[in-house]
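Engineer: What follows is a single structure, and I will ask about it in a moment.
Bear in mind that the values in this text are calculations on the coordinates, not laboratory data. Here the structure is a predicted model, which means the values were calculated and not measured. For neighbour counting, all protein chains shown are included, and Cβ atoms are generated from backbone atoms with ideal geometry for every residue, glycine included.
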Amino acid sequence: MGAICSCFKGKEKEEGIKDIKRNRSCTDAIFCLAFLVSLLVAIVIIFVGMANGNIESLYYGTDATGMTCGSSNNNQADKVDLSAKKFIVYPRLQEDMVRQSTLNPTTDYNDYKFYGICVESCPTAGSWICTEKGVALKKTDADREACKTVAGGGAFLADYNYPAAHTHCAALMTECHYQAFDTQDIFFRCINLYPDGTSGLVRKCADPVTVDFDDPKCIKVSTNSTTINGVSTNVEDVIAKQLTSTAAFALRTFGDVQKASTVIFIAGGAGALVIGVLWLLLMRYTAKCLVWTTVLLALISCLGFTMICWVKAGFIALPNEVTNVAASASDADIQSQLAADEESKLVWTGAAYISSVISLIFLIVVTFLWRKIALAAAIISEASTAVASMPLIVFFPVPIMTILLAWFGIWLWGMGNLWTMGAISANDLNEAAGISNTTVSANSIKEFKESELKNYLMIIHTFLGLWVMNFVQGISTMTICGAFAGWYWTVPSNEPSSSVCCGKKHVYLHRVQKKADGETVEKRPVLASFIRTVRYHLGSVALGSLIIAIVQFLRIVMEYINRQTKGLQKKSCIIRAAMCCIRCCLWCFEKCVKYITRSAYIIIAAQGKSFCSATFTVFHILLKHTTTIGVATVVSSFVILLGKLVITAGCTIIAYLWMSSGAEFQKGGVNELNSSVLPLVFVAILGYCIGAVFLGVYDMGIETIIVSFCIDKDENKEGGYMFPPSLAKAIGMKGKTRTAETEAANENKGETTSSYKLPEDDQKPEQQASDGDFI
């Protein structure tokens with residue numbers, strides 16, 4: 001452990017840590033080079049997918065020749081430009097269903113192959129749809145109608161044995177198909193509209209039957225509904241059924257969302273920012289009160305629930321309970337009731353014991369760790385002050401999120417192209433269906449056969465995508481943590497500022513980083529931290545993001561194995577339990593790795609260490625300050641979660657009031673809503689995402705201050721601590737930070753130190769606690 005602790009020894013140990021390290025060198029440069037090579041490989045894989053795949057086939061249909069509608073099909077050797085024909089129609093839908101469902105019955109409709117033709121627009125009833133070969137035959141609709149008449153109409157026209165005078169009809173009916181119904185466009189698929197007929201209402205007098213239903217003498221009227229001219233298909237139209245239900249859901253979902261888009265973006269977007277700023281202001285001035293109120297309410301709730309459990313279990317009798325029961329029932333009834341409630345009492349008894357243990361643990365924690373909770377509240381308040389002094393840091397994640405979304409779009413596009421890599425191969429419908437009789441070649445449908453290389457490329461593409469996303473997030477994390485670290489290790493201004501909130505005057509000192517001669521070092525701390533990260537520590541970010549990507553990739557592999565072994569897990573509870581444990585352990589391991597990596601980023605941002613050295617330092621801090629970090633992290637995490645819920649609830653309430661009172665959203669309005677539930681869901685999701693990004697900065701600030709506080713406590717001496725008076729007061733060490741007099745003396749000597757002493761502290765000297773009070 002001595003080697004691990006040596007990272008802070010030397011000259012800095014003698015003088016103490018007074019500022020972040022500014023004279024730096026590049027760290028972990030080899031991993032930066034490895035990341036650049038991997039990024040180049042990712043780009044090459046994307047181009048390979050572009051050349052051999054076609055992502056347009058995922059949303060456009062594929063015709064019988066294997067070509068994608070609405071695409072130029074540049075990935076095929078004998079490409080056919082179908083960019084003008086975005087729609088696909090299935091003229092042989094019933095024939096294909098009959099051939100495959102009757103002779104090779106299956107419940108998996110994904111195994112069915114349908115004969116499709118790309119068209120410029122969805123056809124109407126009575127029209128003919130022809131392939132390119134059918135158009136090349138240069139026949140008119142009259143010729144096609146004549147062939148249809150000779151065959152007697154109906155389906156399977158190509159299979160009819162035409163007489164000698166109409167031998168050309170076999171080839172013509174193979175390439176041209178009669179459209180008997182109107183069609184509608186659903187996701188670029190032309191789906192048949194089968195007429196259901198017209199309904200007629202028949203009313204007759206049932207008593208007496210000799211008069212009309214509208215006669216005053218009629219006592220009972222019978223009503224019958226009849227359907228006239230109804231048309232149905234012999235085999236269920238699976239494509240129409242699935243697409244129609246999907247389209248109906250999509251229309252219901254996005255119809256109201258589109259109408260309420262203004263409310264969603266204003267209430268969920270701008271509203272989240274406004275409420276987030278108000279929340280930070282609230283936390284800045286009332287953090288301690290809010291934390292202690294939350295802790296006490298939680299303790300009271302636990303004790304109250306425990307009392308209820310004991311009462312329900314029958315160990316505690318309420319006043320007059322026995323008297324009231326005896327007055328309302330006999331002894332036999334009471335015994336019967338007690339026997340019936342015996343099972344319920346057992347459940348309440350178990351709940352009483354469990355809640356008692358939890359309440360006792362909670363009470364012990366609050367009693368013995370009250371100073372740690374006070375420290376956590378002070379750290380939360382200081383983080384709010386830091387955000388207020390660097391307001392632009394809140395908006396720094398915006399360009400980072402833009403970059404992440406752009407990369408995710410590129411990665412998803414590349415994955416779509418890789419997924420569709422393959423070659424066109426003929427799939428004989430007869431062989432697939434097991435038909436032994438001979439038919440014409442119209443039953444041959446071409447399709448894509450997956451490339452054997454695509455799976456390997458998709459695996460590499462997935463891993464590299466995770467690495468790049470974690471790398472970008474790592475740059476953001478180190479930049480934000482570096483700005484907060486610079487704020488912590490800084491020299492306050494000699495001129496105090498004050499603000500008034502809730503009738504109370506708050507005095508504080510601005511933290512401005514200066515050199516020994518008083519010259520300002522950094523006027524833009526966020527930009528300075530970003531420049532340090534990019535210039536010196538991209539290699540460390542690459543290493544940290546690589547470790548996280550490996551763990552995440554292992555979780556993806558485990559999820560794939562879990563899906564592939566569903567059958568075995570149903571047969572064996574041991575395998576199912578083992579898979580559950582492994583997945584849970586990997587999830588916990590990922591959380592631990594992310595936490596350690598982010599803490600290492602804080603050390604790197606403040607001290608300029610390499611990633612491995614910073615990681616050892618993190619373990620040393622965690623082992624020495626386990627209680628402090630644990631309590632502060634739990635309390636701050638709860639406050640962050642509470643802030644997210646407040647932002648989400650506030651945005652949702654604003655949107656609900658807006659849509660409830662807005663005339664345009666009511667019945668008969670311009671944007672009449674069928675239901676406000678889905679728009680409110682979108683508002684809540686948007687508000688939560690923005691709140692998570694907004695408070696994510698706040699969370700990183702809290703963690704940076706916690707780590708910096710632990711380092712400050714270890715490396716500096718009494719009278720030279722850098723933490724502000726609020727943290728010193730919370731741990732009983734008020735007056736042991738650098739004083740204004742010491743700062744002035746050090747400035748005269750040309751030394752750079754820091755003072756967090758408020759002017760009012762000099763007027764109220766108090767008895768100070770010893771170092772042993774804070775463990």
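Engineer: Quick one: net charge of C588's neighbours, Cβ under 15 Å, K/R +1, D/E -1?
Structural biologist: Summing Lys and Arg as +1 and Asp and Glu as -1 gives +3.
Engineer: If you take every residue apart from V291 with its C-beta less than 14 Å away from the C-beta of V291, what net charge results, scoring Lys and Arg +1 and Asp and Glu -1?
Structural biologist: Values: positive: R284, K288, R371, K372; negative: E382.
So the environment of V291 carries a net charge of +3.
Engineer: Quick check on packing: order 349-360, 257-268 by the mean number of other C-beta atoms within 10 Å, highest mean leading.
Structural biologist: Values: 349-360: 15.5, 257-268: 19.3.
With the highest mean Cβ count within 10 Å placed first, the list reads 257-268, 349-360.
Engineer: Could you sort the peptides 527-534, 544-551, 137-144, 482-489 by per-residue average Cβ neighbour count (10 Å cutoff), highest mean leading?
Structural biologist: Descending mean neighbour count gives 482-489, 544-551, 527-534, 137-144.
Engineer: So for the pair I582, T626, with labels modelled 7 Å out along Cα→Cβ, what separation do we get in nm?
Structural biologist: Modelled inter-label distance: 3.0 nm.
Engineer: While we're on this one: May I ask you to sort L405, L369 by Cβ crowding, counting other Cβ atoms within 10 Å and putting the fewest first?
Structural biologist: Result, fewest neighbours first: L405, L369.
Engineer: Near V635, within a Cβ-to-Cβ distance under 14 Å, what is the net charge of the other residues, with Lys and Arg +1 and Asp and Glu -1?
Structural biologist: 0
Engineer: Can you compute the modelled spin-label distance between A136 and A180, with each label point 7 Å from Cα toward Cβ, in nm?
Structural biologist: Spacing of the two 7 Å Cα→Cβ label points: 3.0 nm.
Engineer: I'd like the Karplus ³J(HN,Hα) series for the stretch 77-82: coefficients 6.51, -1.76, 1.60, θ = phi - 60°, whole numbers in Hz, and an x wherever there's a Gly or Pro.
Structural biologist: For the stretch 77-82, the Karplus-derived couplings read 5, 9, 5, 10, 7, 10 Hz, x marking Gly and Pro.
Engineer: Let me ask another. Please report C169, C302, C581 as a ranked list, fewest other C-beta atoms within 10 angstrom at the top and most at the bottom. Walk me through the numbers on the way to the answer.
Structural biologist: Values: C169 23, C302 18, C581 10.
Listing C169, C302, C581 from fewest to most nearby Cβ atoms yields C581, C302, C169.
Engineer: Report, by chain and number, residues whose modeled amide H sits under 5 Å from the one on K86, excluding near sequence neighbours (fewer than 5 apart, same chain).
Structural biologist: HN-HN under 5 Å from K86: G70.
Engineer: Give K79/K454; K345/K591; K644/K717; K288/K609; K454/K566 a once-over and call out the pairs whose C-alpha atoms are over 31 Å from each other.
Structural biologist: K345/K591; K644/K717; K288/K609
Engineer: Amide H to amide H under 5 Å from G422: which residues, 5+ apart in sequence or cross-chain, H placed 1.01 Å off N in plane?
Structural biologist: S451
Engineer: For I186, which sequence-distant residues (separation of 5 or more, or a different chain) have an amide H within less than 5 Å of its own amide H, given hydrogens modelled in the peptide plane?
Structural biologist: So I186 has HN proximity to I191.
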